[in-house]
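As structure tokens, the structure follows; a few thoughts come after it.
The values are calculated or read from the model by the stated rules, or taken from the named source; none is laboratory data. Nothing here was measured: the structure is a model prediction, and the numbers come from that model. All Cβ positions, glycine included, derive from the backbone under ideal geometry; neighbour counts span all protein chains shown.
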Amino acid sequence: MSGTFTRGVVFVHSAPRALCPHIEWAMGTILDQRIAMEWTDQPAVAGLVRAEFSWVSRVGTGARLASALRGWTHLRYEITEDASPGSDGGRWSHTPELGIFHAQTDAHGNVVIPENRIRAALEHGSDPVRLRRELDLALGQAWDDELEPFRYAGAGAPIRWLHRVG
């Protein structure tokens, strides 16, 4: 592998157990390695499981992982990619109901809203409800609201760190 490297985490917040090997295969194809995640019950929804997987790879891997998992029924996930020299970080959130959301992130993981998005929201400055709705959309608030019970249910879950260089 050559190019700039970064790290990130895939949080599979909920998935049917039958989908687990397919998720691992899709991620392994992107990361060019065999993936074996530690799946645990997802307490927020009976019958679903959750897992976390940390990765190190080239910049842009987060987007490729999100694309590989996008649109799968009953799959809730988030993928983070840390900022690296010359590249912003990113966060991708997906729910079956809302689809996928992407935001740029800074070195601390905060969502960064592009200038044009803020200007578009300010066009509704005379309508505080609409302004709030536009800013919530830019921040991905609906995805945060929907995923929060699944995040909380995963607090304290094991995480596996893999470092692959060369």
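Some notes on this structure:
- Screening SER57 against (1) small (Gly, Ala, Ser); (2) at pLDDT 95 or above; (3) under 15 Å from the mean Cα position of the chain (by Cα) leaves a single unmet condition, (3).
- Looking across region 111-128, just one residue is among the acidic types (Asp, Glu) and either surrounded by 14 or more Cβ atoms within 10 Å (Cβ to Cβ) or not in a loop (DSSP other than H, G, I, E, B) (or both), and that is GLU115.
- Failed item in (1) surrounded by 12 or more Cβ atoms within 10 Å (Cβ to Cβ); (2) at pLDDT 95 or above; (3) more than 17 Å from the chain's Cα centre (by Cα); (4) not in a loop (DSSP other than H, G, I, E, B), with ALA18 passing the rest: (1)
- Options ILE35, ILE30: the member that is more than 18 Å from GLY140 (Cα to Cα), assigned to a loop (DSSP other than H, G, I, E, B) and modelled with pLDDT of 95 or more: ILE35
- Complete set of residues in region 69-126 that are among the polar types (S, T, N, Q) and within 30 Å of THR29 (Cα to Cα): THR73, THR80, SER84, SER87, SER93, THR95, GLN104, THR105, ASN110
- Hits in region 1-41 (condition: of a type in the set (D, E, K, R) and farther than 21 Å from GLY89 by Cβ): ARG17, GLU24, ASP32, ARG34, GLU38, ASP41
- For region 69-79, the criterion of a residue being under 21 Å from ARG7 (Cβ atoms), at pLDDT 95 or above, surrounded by 19 or more Cβ atoms within 10 Å (Cβ to Cβ) and touching a Gly at 6+ places or on another chain (Cβ under 8 Å) is satisfied by at least one position.
- Taking the conditions (1) more than 22 Å from ALA63 (Cβ to Cβ); (2) modelled with pLDDT of 95 or more in turn, PRO158 satisfies each one other than (2).
- Test: residue in region 32-54 that is buried (at least 16 other Cβ atoms within 10 Å of the Cβ) and touching a Pro at 6+ places or on another chain (Cβ under 7 Å): yes
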